[in-house]
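Notes for the one structure printed next.
The values are calculated or read from the model by the stated rules, or taken from the named source; none is laboratory data. Bear in mind the structure is a predicted one, so any value in this text is a computation, not a measurement. Here Cβ is always computed from backbone atoms with ideal geometry, including for glycine, and neighbour counts include all displayed protein chains. Heads up: the accessible areas ignore ligands, DNA and RNA and are worked out on the full protein's heavy atoms, side chains in. Shrake-Rupley method; radii C 1.70, N 1.55, O 1.52, S 1.80 Å.
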Amino acid sequence: MTLPAADRPLAAPVRDAFTTPFFDAANQGRLLLRRCEACGQPHWYPRPVCPLCGSARTAWQEASGRGTVYSVTVTRHAPVPYAVAYVTLEEGPTMLTNIVDADLDSLRIGMAVTVTFKPAEDGSAIPMFRPG
């Protein structure tokens, strides 16, 4: 059976002084992470304090946009079926996201994926991933 992914309505992101740079970059087609300047590790979800060492010295870093599927599930009993996945980025962090532009029945753990950006209801770009 083939179950193609279809675009579905996406809620507008919550913007504040800290998340605005992330969503501004997404609107430009760029995926940002935070990297700790103390321990050198990138982390997801972007936050001003490093969850790994507790340092407040973090900075935005552009990510490659490439990763692999760590885990995936397909929600079929929704008005528009969709896939939720953990994607491990090339830089190391694992993020919760959606897999889009794919045959939902063909998604597999270990599959290579690339970031893509889908519009939210307010026109903001939301980073998601597609096979490739």
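Residue-wise test of (1) closer than 17 Å to Gly29 by Cβ; (2) buried (at least 18 other Cβ atoms within 10 Å of the Cβ); (3) over 14 Å from the mean Cα position of the chain (by Cα).
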residue	(1), (2), (3)
Gly92	no, no, no
Ile99	no, yes, no
Asp103	no, no, yes
Ile109	no, no, yes
Val113	yes, yes, no
Pro119	yes, no, no
Ala125	yes, yes, no
Arg130	yes, no, no
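Scanning the stretch 1-54 for residues that are more than 19 Å from Arg130 (Cβ to Cβ) and among the basic types (Lys, Arg) gives Arg15, Arg34, Arg35, Arg47. Out of all the residues in the stretch 1-59, which are open to solvent by less than 50 Å² (accessible area, probe 1.4 Å), part of a loop (DSSP other than H, G, I, E, B), hydroxyl-bearing (Ser, Thr, Tyr) and closer than 24 Å to Glu121 by Cβ? Within the stretch 1-59, Thr19 is the sole residue that qualifies.
Pairs linking a residue in the stretch 118-132 that is on the phi < 0 side of the Ramachandran plot and basic (Lys, Arg) to a residue that is assigned to a loop (DSSP other than H, G, I, E, B) and open to solvent by 10 Å² or more (accessible area, probe 1.4 Å), with Cβ atoms under 7 Å and 6 or more positions apart or on different chains, are Lys118/Asp7; Lys118/Leu10; Lys118/Val100; Arg130/Val100; Arg130/Asp101; Arg130/Ala102.
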